[in-house]
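What follows is a short report on a single structure.
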Amino acid sequence: MRSLFAALALLSLGVPAMAQSPSSVPNAAPWDQPFLPPAPDWDGASRALLRDASDPWVTAFEADAAHDFSPTYADTRAWFDRVDAASDLIRIEQFGVSPEGRPIYAVIASKDGAAFDPVKPVLLAQAGIHPGEIDGKDAGMMLLRDIAFYGKDDLLDRANLILIPILSVDGHERASAYSRPNQRGPRIQGWRNTATNQNLNRDYLKLDQPEMRAVRGLILKYRPDLYVDIHVTDGMDYQYDVTYGYNGENGVWSRSPATAAWLDATFKPAMNAALEAQGHIPGELVFGVDDDPRAGLSDGGLGERFSNGWGSAAHVPTILIENHSLKPHEQRVLGTYVFLEQALRLLADHGEGLRAAAAVDSALRPAEIPANFVADDQPTATREFKGIRYEMYDSPASGRQEVRWLGEPDPELWQLPFYGSRPTLTLRRPEAYWVPAHRADVIERLRAHGVQMETLDAPRTVSVEMLRLDDPKLSTRANEGHVPVTVTSVTPERRDWTFQPGSVRVPTDQTLGDVVVLLLEPQSSESLFAWGLFPEVLSRVEYIEGYAIAPLAERMLAADPALKAEFEAKLAAEPEFAANGDARLQWFYERTPFYDDRYRLYPVAREN
């Protein structure tokens, strides 16, 4: 393995074998990745945003001759501390601590002082949830610098900006030249997952990780009118350099339809025009459905574990940016700068309309909630697409045909099938849920979301609907530190249940009502149960010996003609059951008062 890395280093860096590796020298010659497709020539007008290396407020990205470098966590914070000290418009706010003990902080740009003017809309821009995809940090540093010192403070006249330069601070510091082989720059990149090996962009609903609980707290504190989550893609080559999207785009179904309509009608046309004016090529999010470049595109899934899916369910207007990984870091950073500046201007001019749309969505209380979305089997539309020329070749490595991108814009506008998503489950909205006090961890996750609830200070007996899990299945592999569980059917049981002090009643008549349903219905693929947080209900802790259940079963047959008829019908219909003595005795045991009544009984109750 060592010889492979040495060969790669020699091939890419063109340095003697005794030279230090680029991972040990942050400013070493770039990891050139000659195996990547060539990048089309680009000389956008946004290059005028770059400041000279001699400027006292130049960023590390700009000072680098190749504009292919992003500073460390410590250097980024030191730079922002200097800006904070020199400008009354900028302040730093710590809002969390990482598993490895690093402060997680936001940089706030405002003319309002410590308390925001509630009339002004707020833009929250988040970078580094995947630290290798760090364009937003470098773009945000430039924009905040220009607001503080170079005449763009007018952006704060009618809007406020919050930048999270690095959310996954531990992953950011697991940096090397070998983090993202499919991405062109920066030459030193952070790691996708956290110190606890978690992907934070799968944690928006379950809120496992301290980073995500912290950012949720920041959102609850400042109530941003627009939340922008900045990433870099993987996948195919194409002409677009800045792609972005949101659930409900182009009029498709959304949990926040009024917000999606505003983004379609007001935000997207103006944003695309601003990017194009600066030499960028904006596009909708790109998710290929196959290795064949022309096989089609999908919506990438609508799950609430992702920022855009969560934003739609929580009625927080959310845009997911996916800059194109095969474009140079410089081009991506400058496109992000243009995006953030234009987003501030759009909020200043049209923020009232977005607030009104979000308020309409927040008032929705659908009786039925679609869930568990999967990709459509057939395309729902045809999408125009600006592709890159390519050819197929026989690879001696793979033994099959592979795609070779040629780095040249295809003059032909592709017409690609587009596959949407459809729900496979419809959840009924109850009046409320009851969570028992012994599941304080679940209650704490709900509180972290900002869910409204009533906490009992005395025992209370309530008529509720409990759910018996008919056939739960454990996954054969772990996912994000959990062993997922699926259950396709449940049997409701009406019970009078006494909830102890500390238990909570969670009404669904609230802004986060859809989030509550998706979290607490066990059949929801985004639920806490599905993530494996209720393993205790899958264990049966009492049993009965054959010498005891066999004579008891014989007495039951003699005493209950209806039970006898049911048993004989099962024997006739199921030969495998009839031949299995243990299964036959288990059948009787389940019908005795000795059987564990709480086995597979989901402890969260519905109030209807």
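The values are calculated or read from the model by the stated rules, or taken from the named source; none is laboratory data. These numbers were taken from a predicted model, which means no experiment stands behind them. Cβ sites come from the backbone with ideal geometry, for glycine too, and all protein chains shown count toward neighbours. Calculation scope for accessible area: heavy atoms of the full protein, side chains included, ligands and nucleic acids excluded. Shrake-Rupley method; radii C 1.70, N 1.55, O 1.52, S 1.80 Å.
Using only alpha-carbon positions, what ratio does the radius of gyration of the stretch 37-152 give when scaled by 2.2 N^0.38 Å? Before the final figure, lay out each step's value.
On the way: Rg = 15.5 Å, N = 116, 2.2 N^0.38 = 13.4 Å.
Relative to the 2.2 N^0.38 Å estimate, the stretch 37-152 comes out at 1.16.
Would you work out if the stretch 162-250 is rounded, prolate or oblate? Take a ≥ b ≥ c from the square roots of the eigenvalues of the alpha-carbon gyration tensor; rounded if a/c is under 1.5, else prolate when a/b is larger than b/c, oblate otherwise.
Numbers: a/c = 1.96, a/b = 1.17, b/c = 1.68.
In terms of gyration-tensor shape, oblate.
Three principal axis extents, largest first, for the C-alpha atoms of the stretch 435-477, in Å?
Answer, in whole Å and largest first: 40, 28, 16 Å.
Per Stokes-Einstein, at 10 °C and 1.306 mPa s, what whole-number D in µm² s⁻¹ belongs to the stretch 487-608, with the Kirkwood radius over Cα pairs as the hydrodynamic radius?
Answer, rounded: 90 µm²/s.
Going by a ≥ b ≥ c, the root eigenvalues of the Cα gyration tensor, does the stretch 118-176 fall in the rounded group (a/c under 1.5), the prolate group (a/b larger than b/c) or the oblate group?
Details: a/c = 4.06, a/b = 1.91, b/c = 2.12.
Judged from the Cα gyration tensor, the stretch 118-176 comes out oblate (a/c at least 1.5, b/c at or above a/b).
Using a probe radius of 1.4 Å on heavy atoms only, what accessible surface per residue do you get for the stretch 45-148? Whole Å² is fine.
Numbers: 3610 Å² over 104 residues.
Heavy-atom SASA per residue in the stretch 45-148 reads 35 Å².
Any chance you could get the radius of gyration and Dmax over the Cα atoms of the stretch 284-381, in Å?
In Å, with Rg to one decimal and Dmax whole: 16.9, 48.
Can you tell me the orientation of helix 135-149 relative to the chain, as the angle in degrees between its alpha-carbon axis and the longest Cα principal axis, to the nearest 10?
For helix 135-149, the angle is close to 50 degrees.
If packing is taken as the average count of other Cβ atoms within 10 Å, what order do 448-458, 241-251 fall into, highest mean first? Mind showing how you got there, number by number?
Details: 448-458: 15.0, 241-251: 21.3.
Going by the mean number of other Cβ atoms within 10 Å, highest first, we get 241-251, 448-458.
Please report the equivalent ellipsoid semi-axes of the chain, computed as sqrt(5 x eigenvalue) of the Cα gyration tensor, largest first, in whole Å. Display every interim value, and only then the final one.
Working: eigenvalues 496, 179, 112 Å².
In descending order the semi-axes read 50, 30, 24 Å.
Just how much of L406 is accessible, in Å², when a 1.4 Å probe is used and the result is rounded to the nearest 10?
Roll a 1.4 Å probe over it and L406 shows about 40 Å².
Taking the Cα centre of the stretch 419-566 as origin, work out the dipole magnitude from +1 charges on Lys and Arg Cβ and -1 charges on Asp and Glu Cβ, in debye rounded to 20. Walk me through the intermediate numbers first.
Details: 16 positive and 21 negative charges, 43 e Å.
Once rounded to the nearest 20, the dipole reads 200 debye.
For the chain, what is the percent of antiparallel DSSP beta bridges, rounded to the nearest 5?
Details: 60 of 80 bridges.
Around 75 percent of the beta bridges assigned by DSSP in the chain are antiparallel ones.
With charges only on Cβ, +1 for K and R and -1 for D and E, what is the dipole size of the chain about its Cα centre, in debye, rounded to 20? Display every interim value, and only then the final one.
Numbers: 60 positive and 87 negative charges, 203 e Å.
It comes to approximately 980 debye.
Counting every Cα pair in the stretch 98-229, what percent are over 22 Å apart? Could the numbers behind the result be given before it?
Working: 3435 of 8646 pairs.
Within the stretch 98-229, distances greater than 22 Å cover 40 percent of Cα pairs.
If you take the charge dipole of the stretch 225-340 about its Cα centre, with +1 on Lys and Arg Cβ and -1 on Asp and Glu Cβ, which of P317, G296, P282 is farthest toward its positive end?
With unit charges placed on the Cβ atoms, the residue in question is P317.
Longer than 19 Å from Cα to Cα, which of K120/K152; K152/K221; K120/K268; K152/K268 are they? Say none if no pair is.
Values: K120/K152 17 Å; K152/K221 26 Å; K120/K268 21 Å; K152/K268 23 Å.
Those over the limit are K152/K221; K120/K268; K152/K268.
Out of the stretch 507-608, which GluC sites (Glu not before Pro) are coil in DSSP terms and have no more than 16 other C-beta atoms within 10 Å? Before the final figure, lay out each step's value.
On the way: sites: E526, E536, E542, E545, E554, E566, E568, E576, E590, E607; in loops: E526, E542, E545, E590.
Here the GluC sites (Glu not before Pro) that fit, given the DSSP loop and packing criteria, are E542, E545, E590.
For the stretch 199-277, how big is Rg over Rh, using alpha carbon atoms and the Kirkwood form of Rh? If you can, show how the numbers build up before the last one.
On the way: Rg = 15.2 Å, Rh = 15.1 Å.
Reported Rg/Rh (Cα atoms, Kirkwood Rh): 1.00.
Report, to two decimal places, the Cα Rg of the stretch 470-535 normalised by 2.2 N^0.38 Å (N = number of residues). Numbers along the way, then the final one.
On the way: Rg = 13.8 Å, N = 66, 2.2 N^0.38 = 10.8 Å.
For the stretch 470-535, the normalised Cα radius of gyration is 1.28.
Computed over the Cα atoms of the stretch 369-449, what is the convex hull's projected area averaged over all directions, in nm²? Before the final figure, lay out each step's value.
On the way: hull surface 46.4 nm².
Computing the convex hull of the Cα atoms and averaging its projections yields 11.6 nm².
Among F418, L354, Q378, whose Cα lies farthest out toward the positive end of the dipole of the stretch 331-474, if unit charges sit on the beta carbon of Lys, Arg (+1) and Asp, Glu (-1)?
Farthest along the dipole direction, towards plus: L354.
Of L533, A86, P165, which is farthest towards the positive pole of the chain's charge dipole, taken about the Cα centre with +1 and -1 on the beta-carbons of Lys, Arg and Asp, Glu respectively?
Toward the positive end, the furthest listed residue is L533.
Report the label-to-label distance for D112 and D597 in nanometres (one decimal), using points 7 Å from each Cα along the Cα→Cβ vector.
5.4 nm
Restricting to Cα pairs below 8 Å that are 6+ residues apart, what does the relative contact order work out to for the chain? Please round to a whole percent. Could you put the intermediate results ahead of the total?
Values: 1177 pairs, mean separation 76.4, N = 608.
Once divided by the residue count of the chain, the mean separation gives 13 percent.
For V374, enumerate residues with amide H under 5 Å from its amide H, sequence gap 5+ or separate chain, H modeled in the peptide plane.
Sorted by chain and number, the residues that satisfy this are R422, T424.
Relative contact order of the stretch 227-362, please, whole-number percent, based on alpha carbon pairs below 8 angstrom and at least 6 residues apart.
Working: 202 pairs, mean separation 53.2, N = 136.
Relative contact order, the stretch 227-362: 39 percent.
With charges set only on the Cβ (+1 for Lys and Arg, -1 for Asp and Glu), what does the dipole of the stretch 115-217 come to about its Cα centre, in debye to the nearest 20?
Values: 14 positive and 13 negative charges, 72 e Å.
With only Lys, Arg, Asp and Glu charged at Cβ, the dipole is about 340 debye.
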